[in-house]
Amino acid sequence: MEKVFKGKEIDLAVGELASLLKKAKKTVILTGAGMDTESNIPDFRSKNGWWKKIDPRMVASTESLYNDYSLFHEFYLMRIKLLEGIVPHEGHYIIADLEKRGMIKSVVTQNVAGLHTVAGNQNVYELHGNIKSIRCDGCNQGAKLEDFFAGKDCTSCGARALRPNVVLFGETLPPQVWEDAVGDIKSCDLLIVIGTSLEVYPVNQLPLWARGKTVFINNEDRGAGYPFDLRIIGKAGEVLRKLQEKL
Ligand code: BV8
């Protein structure tokens, strides 16, 4: 029977989460854009999210890359520039500490700014790639970030197709990363899902494939119909701070 906790009940819920975490032999954490908002990176679907202002098909899809490169380039240039000076928040460091203490096996993330790795996590699966690494969509050669900034064509094949190594709508996820992440999630006995609307396929299937206990931490109650054992409606940073105090 799922339990939903919010407001002042959060302490109770975090106590339950702490005991699940201490008991678990293999814990995986799955994060979405809600894990990065407290580092001042906008998410996508809450009220100030990117997709509330821009149609993702216009800027974050293979169509946009092929049919309107200048708009595509402008959008990702702006996204990358907004990351200047952005650092992990306390919640990222708590998750890194959980890995250091051997309490979690890996982090599976939809996020593209790389903050889990910056905070110190070693086992991170970036299912939607990393926005700061650039390649040519024509010849697949790696390219320099400054060449992407300057709007240059590919120095290897001359194509006007430099793009960030993120998974666009309509693209498949990196096969090996996906396979490894699915393996961890299917074999873990505790999956903690943090800060995601669970709107995007195929990542939104992962909580359904977890065979152990599943916990959802989000500041709005999303994922109706998912059989989470525990739903904690609250901010990622606050819940993680309380969790650390109980470990
Ligand atoms: C694929 C690019 C197959 C990177 C992104 C119709 C039905 C179903 C599926 C589809 C369909 N039509 C098309 C599809 C497939 C499509 C899809 O799922 N579309 C959906 C949206 C309808 N998926 C794809 O195209 C995927 N590929 O399916 O390939 C295939 C097979 C063969 C051959 C070709 C293709 C690729 C999906 C990847 C798309 N890339 N972005 C970038 O620029 O960043 S999507 C975008 O959404 C981001 O990548 C992001 O990671 C992802 C998921 O979003 P979330 O992380 O969940 O963020 P969101 O804002 O939604 O939610 C955040 C939550 O956190 C909110 O609830 C908020 O309240 C909460 N929150 C905020 N702050 C906090 C907080 N919670 C706690 N504390 C806080 N402080």
Yes/no for Ile134 being assigned to a strand (DSSP E or B) and under 18 Å from the mean Cα position of the chain (by Cα) = no
Out of all the residues in segment 158-198, which are in a loop (DSSP other than H, G, I, E, B), in contact with a Phe, Trp or Tyr (Cβ under 8 Å, 6 or more places away or on another chain) and closer than 30 Å to Ala18 by Cα?
-> Ser197, Leu198
Among the residues of segment 30-49, is any farther than 19 Å from Val239 by Cα and touching a strand residue (DSSP E or B) at 6+ places or on another chain (Cβ under 8 Å)?
-> no
By residue number, the members of segment 190-223 that are more than 12 Å from the ligand (Cβ to nearest atom), without any contact (Cβ under 8 Å) to a residue 40 or more places away in the chain and closer than 18 Å to Phe5 by Cβ are Thr214
Single unsatisfied condition, Thr117 versus (1) under 24 Å from Val182 (Cα atoms); (2) over 16 Å from the mean Cα position of the chain (by Cα) = (2)
Among (1) within 13 Å of the ligand (Cβ to nearest atom); (2) closer than 27 Å to Pro175 by Cα, Leu82 falls short only on (2)
Residues of segment 131-181 being within 16 Å of the ligand (Cβ to nearest atom), open to solvent by 20 Å² or more (accessible area, probe 1.4 Å) and among the β-branched types (Val, Ile, Thr), which ones?
-> Val167, Thr172, Val177
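The values are calculated or read from the model by the stated rules, or taken from the named source; none is laboratory data. Predicted model, so just to flag it, every value in this text is computed and none were measured. Heads up, the Cβs are rebuilt from the backbone with ideal geometry, glycines too, and the neighbour counts pull from every protein chain shown. When the accessible area is computed, the model is the full protein with side chains, heavy atoms only, and any ligands, DNA or RNA have been set aside. Shrake-Rupley method; radii C 1.70, N 1.55, O 1.52, S 1.80 Å.
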